[in-house]
Amino acid sequence: MVMDNNDILIRLRYALDIKNTDMVKIFNLGGIEASKEEVLKMLIKSKDSYYDEAGNDDPEEEENIKVDNYTLESFLNGLIVFKRGKQETKPGQPERPAITIKNNGSVNNVLLKKLKIALSLTSEDMIEILDDAGVVISKGELGALLRKEGHKNYKACGDRYARNFLKGLALSYRE
């Protein structure tokens, strides 16, 4: 099953036990004005395209707000500010960080990178979190997932790693 951005947001909220009011605050810190109602609609799992093809018109389907890459990355940027505080902008530095999710293939890589920053995790912490979820990964493999897209050692992060990382986060944060 493929994870979409709504699924990532739902799993992240659960893993870090983020309250609705904090979700709104995090979106605002990331530069997106979102009401509590809009956030709740983003936290509704999107239906698989299978249902659409079957012709089932579910009235709840319209209640869902699809989270695009820009919205997800803005939330992750807001999470960094929420967890670590606002960083002073240096002269010549843009006010807001550039959006680094280039395509749907890089969503999971950016997710891991931004969570590492937001939660002040070391590579060892990340390996341990994945290990808690039953995934064994070497420091080199993790490094490849955290590289910038286009780097010669960059490796795309599959849904399996991202899903298990969020699962491991839930195990360590919700104890």
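The values are calculated or read from the model by the stated rules, or taken from the named source; none is laboratory data. What you see is a predicted model; the values in this text were computed from it and never measured. Positions of Cβ are backbone-derived with ideal geometry, glycine not excepted, and every protein chain shown enters the neighbour counts. Quick note on the areas: whole protein, heavy atoms, side chains included, nothing else; ligands and nucleic acids left out. Shrake-Rupley method; radii C 1.70, N 1.55, O 1.52, S 1.80 Å.
Points to keep in mind about this one:
- The test for being modelled with pLDDT under 70 and surrounded by 13 or more Cβ atoms within 10 Å (Cβ to Cβ) holds for Y51.
Rundown of residues vs (1) at pLDDT 95 or above; (2) within 17 Å of I32 (Cβ to Cβ), yes/no style:
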| position | (1), (2) |
| --- | --- |
| D68 | no, yes |
| P97 | no, yes |
| V107 | no, yes |
| L130 | yes, no |
| R147 | no, no |
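- Qualifying residue in region 9-28 (condition: at pLDDT 85 or above, hydroxyl-bearing (S, T, Y), open to solvent by 90 Å² or more (accessible area, probe 1.4 Å) and within 18 Å of the chain's Cα centre (by Cα)): yes
- Tally, over region 138-175, of residues that are open to solvent by less than 20 Å² (accessible area, probe 1.4 Å) and closer than 16 Å to L121 by Cα: 8
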